[in-house]
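Laboratory data are not the source of any read-out in this text; all were calculated from the coordinates shown. Just so you know, these numbers come straight off a predicted model, no measurement behind them.
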Amino acid sequence: MDAQRGRTSRRRFLLIAGIPLLTVGAGTAYAVWPGPDRSGPQVRTDLEPLNARFGPYVGTLDAAHWLGYDIDEKPGSADSRTIPGPDSRIRLVGVARLAAGGAAAITGRAEYAFAPAPAAAPAALPAELAPYAPAGAAWQHSRQFDAFANHEGAEGHPSGEYHFDAARDLVRFDLLYLYT
């Protein structure tokens with residue numbers, strides 16, 4: 001009877017000790033298992049951050065495809081931040097659709113003196129955003145509008161350009177926010 005009891009105690013011990021060891025081993029394997037390749041910024045479609053940043057200048061956005069990332073941070077780095085730290089340089093670049101007539105309302109204002117392409121041809125978009133920029137868009141640009149939208153006192157000290165296509169109600173933006 002003691003032999004039977006001894007075997008049960010050993011089995012119970014192995015079971016009690018083995019379950020935590022298996023759990024730790026599975027957790028470690030999961031933690032080090034390579035996940036999906038996120039080697040660069042991911043295309044975003046949420047509107048709230050954009051409407052909060054430059055909605056007061058361009059109007060409410062209906063749809064957007066954009067990137068937002070720290071240009072000094074290595075893509076996919078382990079020290080990736082979600083909140084800008086001191087001396088961060090955050091780039092916001094993308095294409096967004098305005099409400100019907102929104103782009104024409106902005107480009108039609110005489111004080112901004114919008115100029116049509118090719119003089120106002122915007123810089124190339126990152127490859128991730130190229131599918132969302134229509135071919136043959138009639139982009140217009142105004143340095144006066146950029147100065148208005150990037151005014152002193154705006155959060156993060158923005159600089160950059162806005163280009164509008166009035167026929168398609170699109171805005172293409174490439175902005176850099178400096179947090180100091």
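A compact table of results
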| item | result |
| --- | --- |
| Potential extension, ALA63-ALA110 segment - 0.36 nm per residue separation minus Cα distance | 14.2 nm |
| Rounded to whole Hz, the Karplus (6.51, -1.76, 1.60) HN-Hα couplings of segment 137-143, x for glycine and proline | 5, 9, 5, 10, 9, 9, 5 |
| Segment 97-108 - phi-based ³J(HN,Hα) in whole Hz, Karplus 6.51/-1.76/1.60, Gly and Pro as x | 9, 8, 4, 3, x, x, 5, 5, 5, 7, 5, x |
| Long-range amide H partners of SER88 with built H, under 5 Å | TYR179 |
| Viscosity 1.306 mPa s, temperature 10 °C, Stokes-Einstein D of segment 125-178 from Kirkwood C-alpha radius, µm²/s | 130 µm²/s |
